[in-house]
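Here is the structure we will look at, set down as structure tokens.
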Amino acid sequence: MRIGVPKEIKVEEYRVGLTPASVREYVARGHEVVVEHGAGQGIGAGDDVYRAAGATIAETAEEVFATAEMIVKVKEPQPTEWVRLRENQILFTYLHLAPDSAQTKGLLASGCTAIAYETVTDADGGLPLLAPMSEVAGRLAIEAAGTALRKTTGGMGKLIGGVPGVLPARISVIGGGVVGTHAARMAVGLGGDVSILDRSLPRLRALDELFDGRVRTRYSTLEAIDEEVAGSDVVIGAVLVPGAAAPKLVTRAHLATMKPRAVLVDVAIDQGGCFETSRPTTHQAPTYLVDDVVHYCVANMPGAVPVTSSYALNHATLPFGLALAAKGLRALVEDPHLRAGLNIHRGQITNRAVAESQNAAAVAPEAALAA
């Protein structure tokens, strides 16, 4: 199969779909890889490095899209990329379609087969292709919060860990999954006063054991959220409903109860955000104020550390990508976990959560593939 790797064009996105090491793996199995000129610049991998790994370098994105049977990216395709996709072409990338009806319509119109990293599953019920970026985003969330708390960036002027004789920042993490766990790990490491809220008692027990009493665990009720939001210096939104739009757990009314210049970090912004007042921001302009509360809502947080992120992502996606390259759509038929990643196929939505978020009809992946 011919695999295409275009340069990412989302604002301030420096990751790359395939690292040179991954290219070498595809080529060693007899596949052809075409990489757009400069695609690896963000991770310090120039065209010559990709050539040494066995790739062909294309001068333009148009050439990559026109000749490749499978496109491997990082972020969701942008409007100029939707129109380059075509029927019988596989797109393998993050999609986050639930809050993005425009992208959904663009992919449906293209006739392509779009497989979303974020809904591929594993035997334990996890999301193995989302997990690496969730780990990165969770850790970055605390770094972002620490910066946003500074007076020089518009915050209240508090240090996360405090110092002897001065209390640390109080941090509430809503959601105890991968993002929440890694955010809590960073916050605890910096000396923060941390609470984690979740609706799974088994998960709360696991977190209590993991942190050995260094965090407070709370069952996530409306009352608990009210109390934590009002008392915190930082609130991390780390809620995920696979494939669906994130629930709005912190409302505009909550902001009136918060400390002046407290910080909200919405890691769920790719799925629409879990704060009512969230809207996507960029690394260049990461924050804004609503009711004197600082909002950090960067939609591609791991893009700020592209070397770490690209390699971590490739380690997770490579086995699935190689299966698709070797078997084509048959890989989806044979592997139920990869099939769970199928969101769009030949003009049909094949993920129920995406369809429900957009009040559209869904076709079961098995039925769509059999047609």
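Summarising the amide proton neighbourhood of ILE71: residues at separation of 5 or more, or on other chains, whose placed amide H is nearer than 5 Å comprise GLY4, ILE90, LEU91, PHE92.
Over all pairs of different C-alpha atoms, region 88-223 has a mean inverse distance whose reciprocal, the Kirkwood radius, equals 17.2 Å.
In this structure the chain gives 41 Å² per residue of accessible area when probed at 1.4 Å with all protein chains present. Between ASP124 and HIS283, the simple spin-label model (points 7 angstrom out along Cα→Cβ) gives 3.0 nm.
Note on LYS248: lysines with a C-alpha under 30 Å away, same-chain residues under 8 apart excluded, are LYS10, LYS73, LYS75, LYS105, LYS151, LYS158, LYS259.
Label sites at ARG199 and ASP47, each approximated as a point 7 angstrom past Cα along Cα to Cβ, lie 5.1 nm apart. Taking a virtual spin label 7 Å from the Cα of SER101 along the C-beta vector, which residues in region 348-371 bring their backbone nitrogen under 16 Å of it? Counting only backbone N, you get 349, 354-362. For region 331-341, putting each phi into the Karplus relation 6.51 cos²θ - 1.76 cosθ + 1.60 with θ = phi - 60° gives couplings of 4, 5, 5, 7, 10, x, 6, 5, 4, 4, x Hz, in residue order, rounded to whole numbers and with x for Gly and Pro.
Mean residue ellipticity at 222 nm, helices only, the chain: -10500 deg cm²/dmol; runs of at least 4 DSSP H residues each add -39,500 (n - 2.57), and the sum is divided by the number of residues. So, counting K/R as plus one and D/E as minus one, what does the shell of residues with Cβ under 12 Å around THR282 add up to? With Lys, Arg at +1 and Asp, Glu at -1, the net is 0.
Amide H to amide H, with H built 1.01 Å from N, ILE349 comes under 5 Å of VAL363, counting only residues 5 or more places away or on other chains. Expressed to the nearest 5 percent, the antiparallel share of DSSP beta bridges inside the chain is 20 percent.
Phi-derived couplings, Karplus 6.51 cos²θ - 1.76 cosθ + 1.60 at θ = phi - 60°, listed residue by residue for region 238-255: 10, 9, 9, 10, x, x, 9, 5, 5, x, 8, 8, 10, 9, 4, 5, 4, 4 Hz, with x used for Gly and Pro. Counting 0.36 nm for each residue step from THR147 to GLU276 and taking away their Cα separation leaves a gain of 44.2 nm.
Using the Cβ-Cβ distance between GLU366 and LEU222 with R0 set to 35 Å, the FRET efficiency works out to roughly 0.35. Helix 222-231 and the longest principal axis of the C-alpha atoms of the chain enclose an angle of approximately 70°. May I ask you to give the percent of accessible area on region 245-329 that is carbon plus sulfur, with a probe radius of 1.4 Å? Of the solvent-accessible surface of region 245-329, carbon and sulfur hold 60 percent.
The values are calculated or read from the model by the stated rules, or taken from the named source; none is laboratory data. All values derive from a computational prediction rather than experimental measurement. Virtual Cβ from ideal backbone geometry, glycine too; neighbours counted across all protein chains shown. Heads up: the accessible areas ignore ligands, DNA and RNA and are worked out on the full protein's heavy atoms, side chains in. Shrake-Rupley method; radii C 1.70, N 1.55, O 1.52, S 1.80 Å.
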